[in-house]
Amino acid sequence: MEDKIWNCIVKRLNGTETADSKIILDLWLAESELNQKKYKEAKSIWELSPKIQPEEPSTPFHQFATQLVPKPEPSSKKISLFWKYGIAATITALFLMTGLYFYKNNHQSKQEIDWIVKRADFGQMIKINLPDSSTVWLNSGSEISFASTFSSQPSRLVKLIGEAYFEVKHDQKHPFIVKSNTLTTTVYGTSFSIKAYQNESITSIAVNSGKVGVLGADQKNKDLAIMLLPNDQLIYNDINKSFAKSNIANGDVNSWTKGVLLFEQAPIEEVVQTLARKYNVKIDATQISGSGCRLTARFNSQPIQVVLKALKLSLQIRSTQVGQTIYLKGGNCM
Amino acid sequence: MKVDHDLAPIESKSFDLKQFELLYNNKNHSLQKYAVYYVNDLEVAKSIVNDLFVQMWFKELTPLNIKSYLYRSVKNACLNYLEQQQKNILFYVEQDELTELADLIIEPQKDHLETGHLKFLQQVITLLPQKRQLVFRMHRLEGFSYAEIADLLQISPRTVEDHLSKAMQFIHAQATHFLYTNLTEA
C-alpha cells in the first residue's frame, strides 16, 4: 500500500500525475495531518536534491590534465641521435647494439606479467568472468588473483583467499588450478565451491558437478591426492592436519551465491564470522566463545535481525547493540 | 553555484581550458558511477571516462547537448568493452540485498538544518542500491527524463519511475529516523 502512495507522490512531484493517482493521493492526504506532513517532507527532499554538489573526481583535474600534452618518446630519440652523429662504423655499430639492448630491456620490463586481483568486501558478493569464460562468485571478504596471461599459460592458475564458487569452462588441455591456504584444487571443467578464509582453521571444498582433485600443499600431504565427485564435500582441518569427507545436497554447494545462509552444526564462532562478513557489521562474541554452541539453520536472503532472533530462540543467545557493534551474551548449550 | 553546461554558449572554436576543467570536475564522478553500472569494474570505468575526456579535448568536441553526449559516449564505450570481453551484463541481485544493510547502519547526524540537510541528503543517497541510486541521480541531479534514463540504463520507463518512488520512500524514512535503527529488534 505504501509503495503505491509513494508512486503517486512521485507522479505529482514530477508533474506526471494521472487522474487515478490524483484521486488516490488526495484521499490519502485527507486521511491525516501526518500524511500531509509526509508529503511536504517528500516535496522538500525532491526540491532540495538537484542542489546537491557533484562529488570530487577520483583523479584531480591537474593530474588528469598531464595527458593533454603529448610527450616525446625518449628511447627512439636516443637511437636517432646516434644515427645523426655518424661516428665510425664499428663504434656506431657497438653503440647502436648497446642502445638497442637497453631499449629492448626497457621495453620488455613493461611486459611483466600483471596479476589481476578481484575483491569482494564485507557485505558484498561479486561475480567475475575469467579470460577463459569460466565464472567465479566471490563471497564477502574474499579475494582472487590470476595472471593477465591466464589464457595463454599451460595451466589456468587462480589464487583464492576466502570463499568462492567456480563454474569452470571445460578444457582438457589446460587444467584449472586453485591455490587456497594449504590446498591445491585441480579440475578440467566442473563447478565447485571452496571456502578458505585466512583466519579460519577449516578449509572446505564441495563439488556441484564434474570431478575435482585436491592436493595438500604442505610436505606431509604432498602426495595425498583426493578425488571428489558431485555432492562430495571435503573438510580439511589445519590444526590437526586431518581430512574428513562428507555428503552435501547438490543445491547447497552454491546456495550462498543466491543469498542463502546455511549452517549445519556450525560452531558459534564460525557463525559470528560469517555474519560479520555477510552483513558488514561488528560483532563482539567474547562473552559466548567457548560456549560450545552450534547452529543448524537455513536463511533465505534474510536481514540480520532474523538471524539474531533465531540465535535467541534456539541457543538462548541474546544480542544488544551499543553504537555500531552487536554484543552477544548467554548461550545455553552445554 | 552549479553551471549548466548545456546552455553555456560556445563562443570560439577552440576548447576553453577553464570551461573544460569545470565540465571535468562536474561530471567525472557521476560518469564513473554510470560506467561501473555496465562494466562492474572501477578501474575499467575510470579508464573509459578518462579516455572520453582526453578525446574530447584533442578533438575539440563541443556538442550542443554535452551532458547527453557524455552519457551516450560512456554507454557505447562500455558496451564495446563488454563485447570485447564477451562478458554478460552482471546480475545485481546482491546489490539490492544491501538495502537491508543500508537501512541498518547510518552515521548519526547532529545538524539537519539548512546545509546540514544537503549533506545528510548527499550521504543518504550513497546508501541506495546501485541501480536505484543511479536512477535518482540521473533524474534529480542530472535532469534526464524518464525516457532518457530508460535508454541509458536499458530499463523500461516504468521501472525508472518505480526506482524513483522507492528511492524517495527510502530517503524519507532515513530522514525521519535520524539515528541508527536497533539491529536486535526483529
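The values are calculated or read from the model by the stated rules, or taken from the named source; none is laboratory data. Small disclaimer: the values here were computed from a predicted structure and weren't measured. No Cβ is skipped: glycine too gets one built from the backbone with ideal geometry, and neighbour counts run over all protein chains shown.
If a residue must be surrounded by fewer than 19 Cβ atoms within 10 Å (Cβ to Cβ) and farther than 17 Å from residue B:70 by Cα, how many such residues does region B:147-162 contain? Break it down into steps so the answer makes sense when it comes.
Quick first cut of region B:147-162, residues surrounded by fewer than 19 Cβ atoms within 10 Å (Cβ to Cβ) only: B:147, B:150-151, B:154-159, B:162.
Cutting the leftovers down to farther than 17 Å from residue B:70 by Cα gives us B:155-159, B:162.
Going through region B:147-162 one residue at a time, the tally reaches 6.
Output the residues belonging to region A:311-326 that are more than 9 Å from every other protein chain (Cβ to nearest Cβ) and crowded, with 16+ Cβ neighbours inside 10 Å. Write out each step before concluding.
At the first step, the residues of region A:311-326 found to be more than 9 Å from every other protein chain (Cβ to nearest Cβ) are A:311, A:313-317, A:322, A:325.
Hits for region A:311-326 are A:311, A:315, A:317.
Looking only at residues in region A:23-40 that are within 11 Å of chain B (Cβ to nearest Cβ) and surrounded by 14 or more Cβ atoms within 10 Å (Cβ to Cβ), which one is farthest from residue B:142 (Cα to Cα)?
A:38
Which residue is surrounded by the most Cβ atoms within 10 Å (Cβ to Cβ), if the candidates are limited to region B:40-65 and must be within 11 Å of residue B:28 (Cα to Cα) and of a type in the set (Val, Ile, Thr)?
My answer is B:49.
Which one of the conditions (1) more than 26 Å from residue A:310 (Cβ to Cβ); (2) part of a strand (DSSP E or B); (3) not polar (S, T, N, Q) does residue A:230 fail to meet, given that it meets all the rest?
Every condition holds for residue A:230 apart from (2).
Being surrounded by fewer than 21 Cβ atoms within 10 Å (Cβ to Cβ) and away from chain A (no Cβ under 11 Å) narrows it down to one of B:75, B:33, so name that one. Reasoning before the result, please.
Details: B:33 fails: away from chain A (no Cβ under 11 Å).
Answer to the check: B:75.
Counting just the residues of region A:112-129 that are more than 8 Å from the chain's Cα centre (by Cα) and more than 10 Å from every other protein chain (Cβ to nearest Cβ), which one comes out farthest from residue A:301 (Cα to Cα)?
Out of the qualifying residues, it is A:112.
Going by the structure shown, is residue A:235 β-branched (Val, Ile, Thr) and either outside the structural domain of residue A:125 (by TED's automatic domain parsing) or buried (at least 17 other Cβ atoms within 10 Å of the Cβ) (or both)?
Details: β-branched (Val, Ile, Thr): yes; either outside the structural domain of residue A:125 (by TED's automatic domain parsing) or buried (at least 17 other Cβ atoms within 10 Å of the Cβ) (or both): no.
Answer is no for this residue.
Residues in region A:275-307 that are assigned to a helix (DSSP H, G or I) and of a type in the set (Val, Ile, Thr): how many?
Residues of region A:275-307 assigned to a helix (DSSP H, G or I): A:275-279, A:304-307.
Those left that are additionally of a type in the set (Val, Ile, Thr): A:304, A:306-307.
Count: 3.
Given (1) in the same structural domain as residue A:202 (by TED's automatic domain parsing); (2) of a type outside the set (S, T, N, Q); (3) at pLDDT 85 or above; (4) outside any strand (DSSP E or B), where does residue A:220 come up short, assuming only one miss?
With (1) in the same structural domain as residue A:202 (by TED's automatic domain parsing); (2) of a type outside the set (S, T, N, Q); (3) at pLDDT 85 or above; (4) outside any strand (DSSP E or B) applied to residue A:220, the lone miss is (3).
Among the helices (runs of 4 or more DSSP H) confined wholly to region B:102-186, which include 2 or more residues that are modelled with pLDDT of 95 or more and more than 9 Å from chain A (Cβ to nearest Cβ)?
On the way: elements: B:115-125, B:130-136, B:146-153, B:157-177.
Correct list: B:130-136, B:146-153, B:157-177.
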